[in-house]
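The structure is given below, and queries will be raised subsequently.
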Amino acid sequence: MSRRGEISLGDMLRAVRELAPRDAESRRLLRRALDPLGLMRSLWGEHAGEPEVLPSSEPSLPALTERALPASLPKPSTALPIEAPEAGEVLPTRLSQSGGAELPLRLPGPELEVLDHSSAPPMLPPPSPLFVPAWQTGILTAALGVPRPEGPLDVPRMVPQLARQLPVREFPRRQVRSLRLGVQVLVDVSESMVPFAEDRKQLLACVRAVLGPDRVEVQQFAGVPSRGVRRRAGAALHPFESPASGTPLLVLSDLGIGASVFSDELPDVEEWRHFAGVARRAGSRVVALVPYSSARWPRGLQRRMHLLHWDRHTTARAVLQELQR
Amino acid sequence: MTLQFNRTAFDPETVRRRWKTQDTKKLSDEQSRARRYEERDDIVLAVNAAIVTRRPLLVYGPPGSGKSSLAGFVAEVLGWRYYEHVITSRTQALDLLWGFDAIRRLSDAQAKKGSLPANHDYVEPGVLWWAFESGSALRRGAGAGVKLKARPRDPARWGKSPHAVVLLDEIDKADPFVPNDLLIPLDRGSFDVTELNAHIELPRDRQVLLVITTNGERELAPAFLRRCVQLELKAPDLEQLQRIAELHHGPDKGGLYEPVANALLLLQRAAREKRVRPPSTAEFLDAIQACRELRIRPGMGEEWELLTSGLLKKQSTFAGG
């Protein structure tokens with residue numbers, strides 16, 4: 001093991017001197033093993049222009065590269081099930097993830113009911129997930145883990161009691177993050193969230209996989225949860241009730257950022273603040289995944305609830321930093 | 001294509017030739033299994049690079065690509081001591097260095113009034129302490145003249161060499177901060193045991209190769225990544241699967257390996273399309289074993305179907321499908 005910090009020029013020279021790679025492939029592999037981020041690319045003259053891996057701000061594991069969309073759209077295939085949307089249904093198609101137009105397309109009703117599959121337009125590839133798939137479990141574990149006094153014995157806290165010869169009535173334990181309290185997921189089904197319908201579905205599946213389905217309660221809302229929630233589409237709205245104390249709340253919402261200013265569903269920031277206050281008084285931590293960058297988040301809301309950018313650049317570490325804020 | 005480089009530190013081919021003339025009866029089952037590794041040139045190159053630069057080797061790749069079994073193979077080829085530590089969600093960096101049983105010490109202190117137990121007796125050396133300084137770990141960090149209540153057992157799986165290979169399996173299972181907490185002990189090759197005021201240091205004439213595996217489930221800190229030699233393992237192809245089967249089960253007398261390997265590759269493709277965990281090399285070897293024991297041939301109707309669904313597909317392969 002080295003005592004010199006990060007892999008450096010010295011390591012490179014030592015490896016080249018000792019292993020003496022004599023063919024281009026050996027040199028390429030050696031460079032890749034020692035300098036996967038390409039930080040010392042200029043030292044490897046003949047391969048200088050060859051991009052090997054992602055830059056340091058990006059994850060280096062290959063799971064990330066799987067996320068890239070295919071270069072060309074797949075041709076329509078009769079083997080793929082093509083389902084005509086119901087009349088009036090809003091087409092869940094995200095046109096862009098990087099600040100481009102993100103408009104829900106409302107389809108006209110009757111003619112689609114007799115849509116001929118063979119004349120259907122080419123299918124768009126599934127949208128690239130908002131979180132890096134390989135990191136999603138880690139991110140959710142970090143976001144939904146609740147600090148609980150269930151760790152090893154907290155000796156420094158116990159010693160003063162013993163030193164004063166006080167009876168130990170309760171073993172003080174160190175805090176550890178636990179998922180056993182489960183989560184209540186509040187899913188925003190407003191029209192402005194339609195472009196993210198697939199992401200909601202996929203994230204909910206992952207939440208259930210991480211916590212176990214029996215520990216996940218899902219409620220839907222439009223605008224703000226305090227206007228009423230329901231268990232499934234079509235069910236009657238009922239007032240929002242906070243979960244049991246300590247159970248975290250995960251909100252999947254754009255906080256109205258993508259909503260039209262004329263929309264009835266457009267929430268007021270005050271309504272969100274009020275909701276966050278109610279949840280906090282009930283002992284629940286509110287974590288909201290927002291598919292828009294922090295520059296567009298409503299001002300002041302971050303002081304009331306934890307807002308996380310629902311995006312591929314979000315990491316578990318960033319989530320923990322936000323939660324410790 | 002054979003890669004052209006000096007296999008100065010790690011040369012499995014040469015060692016394999018020596019193994020053929022050795023009496024293997026003295027080997028433990030674990031050691032025998034470790035020798036059955038299908039190495040490729042890129043693996044040999046990365047291991048050599050990690051050894052000559054004295055850097056940890058970070059291995060990643062799909063399940064069944066041989067990440068965890070690589071460390072044992074390297075230890076066996078090098079003839080070094082071999083340690084394993086499987087990381088869990090509860091693992092802390094300190095667990096790899098040492099542990100201190102404060103509760104037992106408190107209990108002993110209260111039960112035996114007047115005689116204060118020595119701290120050494122409550123120290124449990126971790127896997128990196130054993131790898132760095134097995135002598136002091138065996139004395140729980142106590143000086144030569146100190147009498148210990150009980151000596152700890154060296155957790156080395158095998159080997160008596162002063163050098164060691166340590167496998168830290170599935171680092172991504174741990175809390176995201178664990179790799180960062182390991183940076184200083186790994187950089188310096190030393191750490192301090194606070195309860196003993198003892199300094200543990202890897203001697204300059206000894207070497208420890210740390211092999212760390214990750215499934216990529218959680219991102220690792222860039223500072224940690226930049227300290228590691230990285231190796232990506234790919235899932236074995238048809239030819240490699242057959243060679244792996246030969247290493248584990250001997251020559252293919254009944255023409256079994258190829259069709260079972262083909263079945264595995266088909267199921268792996270189907271699982272990837274459904275975005276579920278594909279069956280791995282371990283399941284392939286189980287299927288080969290079962291076919292041999294039960295005398296089942298690929299394509300033998302219902303028996304073959306049952307075998308593939310029980311051993312290769314398994315529930316997780318098509319869960320959610």
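The values are calculated or read from the model by the stated rules, or taken from the named source; none is laboratory data. Quantities reported herein were computed from a predicted structural model and do not represent experimental measurements. Glycine also receives a Cβ, built like all others from the backbone with ideal geometry; neighbour counts cover every protein chain displayed. For the accessible areas, the whole protein counts, side chains as well, though only heavy atoms, and no ligand, DNA or RNA atoms are used. Shrake-Rupley method; radii C 1.70, N 1.55, O 1.52, S 1.80 Å.
Being touching a Cys at 6+ places or on another chain (Cβ under 7 Å) and buried (at least 19 other Cβ atoms within 10 Å of the Cβ) narrows it down to one residue among B:Arg55, B:Arg105, B:Arg81; which is it?
That would be B:Arg55, the only listed residue that is touching a Cys at 6+ places or on another chain (Cβ under 7 Å) and buried (at least 19 other Cβ atoms within 10 Å of the Cβ).
Can you find even one residue in region B:133-140 that is out of contact with any Gly (no Cβ under 9 Å at 6 or more places or on another chain), open to solvent by less than 30 Å² (accessible area, probe 1.4 Å), of a type in the set (A, V, I, L, M) and more than 13 Å from every other protein chain (Cβ to nearest Cβ)?
No, that holds for no residue.
Please work out if B:Val166 is out of contact with any Ser or Thr (no Cβ under 7 Å at 6 or more places or on another chain), at pLDDT 90 or above and farther than 30 Å from A:Thr137 by Cβ.
For B:Val166, the condition - out of contact with any Ser or Thr (no Cβ under 7 Å at 6 or more places or on another chain), at pLDDT 90 or above and farther than 30 Å from A:Thr137 by Cβ - is not met.
Taking the criterion of being open to solvent by 10 Å² or more (accessible area, probe 1.4 Å) and within 21 Å of A:Phe131 (Cα to Cα), would at least one residue in region A:274-284 satisfy it?
no
Of all residues being in a helix (DSSP H, G or I), in contact with a strand residue (DSSP E or B) (Cβ under 9 Å, 6 or more places away or on another chain) and free of Cβ contacts under 8 Å to residues at least 60 places away in the same chain in region B:181-195, which is farthest from the other protein chains (Cβ to nearest Cβ)? Just the residue, please.
Selected residue: B:Ile184.
Going by the structure shown, is A:Val187 touching a Lys or Arg at 6+ places or on another chain (Cβ under 8 Å) and either within 26 Å of A:Asp311 (Cβ to Cβ) or among the β-branched types (Val, Ile, Thr) (or both)?
Yes; evaluated as a whole, the condition is true for this residue.
For (1) touching a Phe, Trp or Tyr at 6+ places or on another chain (Cβ under 9 Å); (2) modelled with pLDDT under 80; (3) not small (Gly, Ala, Ser), each residue gets a yes or a no:
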| residue | (1), (2), (3) |
| --- | --- |
| A:Ile7 | no, no, yes |
| A:Met12 | yes, no, yes |
| A:Val16 | no, no, yes |
| A:Glu25 | no, no, yes |
| A:Arg28 | yes, no, yes |
| A:Asp35 | yes, no, yes |
| A:Ser42 | no, yes, no |
| A:Gly45 | no, yes, no |
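Also, quick follow-up: Only residues that are in contact (Cβ under 8 Å) with a residue 40 or more places away in the chain and surrounded by fewer than 21 Cβ atoms within 10 Å (Cβ to Cβ): list them for region B:63-78, please.
Scanning region B:63-78 gives B:Pro63, B:Ser65, B:Ser68.
Separate question: Take A:Arg200 and tell me if it is open to solvent by 50 Å² or more (accessible area, probe 1.4 Å) and among the basic types (Lys, Arg).
It is false that A:Arg200 is open to solvent by 50 Å² or more (accessible area, probe 1.4 Å) and among the basic types (Lys, Arg).
Could you grab me the full set of residues in region A:212-233 that are crowded, with 21+ Cβ neighbours inside 10 Å and within 14 Å of another protein chain (Cβ to nearest Cβ)?
none
Restricting the search to region A:226-270, which residues are in a strand (DSSP E or B) and farther than 15 Å from A:Val183 by Cα?
Result: A:Val229, A:Arg230, A:His238.
If you don't mind, another one. More than 26 Å from the chain's Cα centre (by Cα), hydroxyl-bearing (Ser, Thr, Tyr) and either modelled with pLDDT of 90 or more or surrounded by fewer than 21 Cβ atoms within 10 Å (Cβ to Cβ) (or both), is that true of B:Ser309?
Spelling it out, B:Ser309 is indeed more than 26 Å from the chain's Cα centre (by Cα), hydroxyl-bearing (Ser, Thr, Tyr) and either modelled with pLDDT of 90 or more or surrounded by fewer than 21 Cβ atoms within 10 Å (Cβ to Cβ) (or both).
Among the residues of region A:263-277, is there at least one that is in contact (Cβ under 8 Å) with a residue 60 or more places away in the chain and touching a strand residue (DSSP E or B) at 6+ places or on another chain (Cβ under 8 Å)?
no
Being assigned by TED's automatic domain parsing to the domain that holds A:Pro195 and free of Cβ contacts under 8 Å to residues at least 40 places away in the same chain is true for just one of A:Leu237, A:Leu255, A:Leu250, A:Leu289. Which residue is that?
Of A:Leu237, A:Leu255, A:Leu250, A:Leu289, the one residue that is assigned by TED's automatic domain parsing to the domain that holds A:Pro195 and free of Cβ contacts under 8 Å to residues at least 40 places away in the same chain is A:Leu237.
If I filter region B:66-79 for residues that are more than 12 Å from the chain's Cα centre (by Cα), of a type in the set (Phe, Trp, Tyr) and either under 22 Å from B:Gln240 (Cβ atoms) or within 11 Å of chain A (Cβ to nearest Cβ) (or both), do I get at least one hit?
No: zero hits.
Just to be sure I understand, how many residues within region B:137-153 are farther than 15 Å from B:Asp121 by Cβ and in contact with a strand residue (DSSP E or B) (Cβ under 8 Å, 6 or more places away or on another chain)?
Number of matching residues: 0.
Follow-up question, since we're still on this one. Sort out which residues of region B:267-297 are of a type in the set (A, V, I, L, M, F, W, C), part of a helix (DSSP H, G or I) and within 23 Å of A:Ala134 (Cα to Cα), and write them in order of number.
If the condition is that a residue be of a type in the set (A, V, I, L, M, F, W, C), part of a helix (DSSP H, G or I) and within 23 Å of A:Ala134 (Cα to Cα), then B:Leu267, B:Ala270, B:Ala271, B:Ala282 are the ones that fit.
Let me ask something additional. Identify all residues within region A:243-273 that are surrounded by 18 or more Cβ atoms within 10 Å (Cβ to Cβ) and polar (S, T, N, Q); write none if there are none.
Within region A:243-273, A:Thr247, A:Ser253 qualify.
Taking only region B:250-281 into account, find how many residues are closer than 16 Å to B:Ser65 by Cα, open to solvent by 60 Å² or more (accessible area, probe 1.4 Å) and touching a residue at least 40 places away in the same chain (Cβ under 8 Å).
Here the count works out to 1.
In region B:18-40, which residue that is closer than 25 Å to B:Asp237 by Cα and among the basic types (Lys, Arg) is least open to solvent (accessible area, probe 1.4 Å)?
Looking at residues that are closer than 25 Å to B:Asp237 by Cα and among the basic types (Lys, Arg), I get B:Arg35.
Name the residue that is least open to solvent (accessible area, probe 1.4 Å), counting only residues in region A:146-165 that are within 12 Å of another protein chain (Cβ to nearest Cβ) and closer than 21 Å to A:Gln324 by Cα.
Result: A:Gly151.
For residues in region B:207-249 being within 14 Å of another protein chain (Cβ to nearest Cβ) and acidic (Asp, Glu), which is least open to solvent (accessible area, probe 1.4 Å)?
B:Glu219
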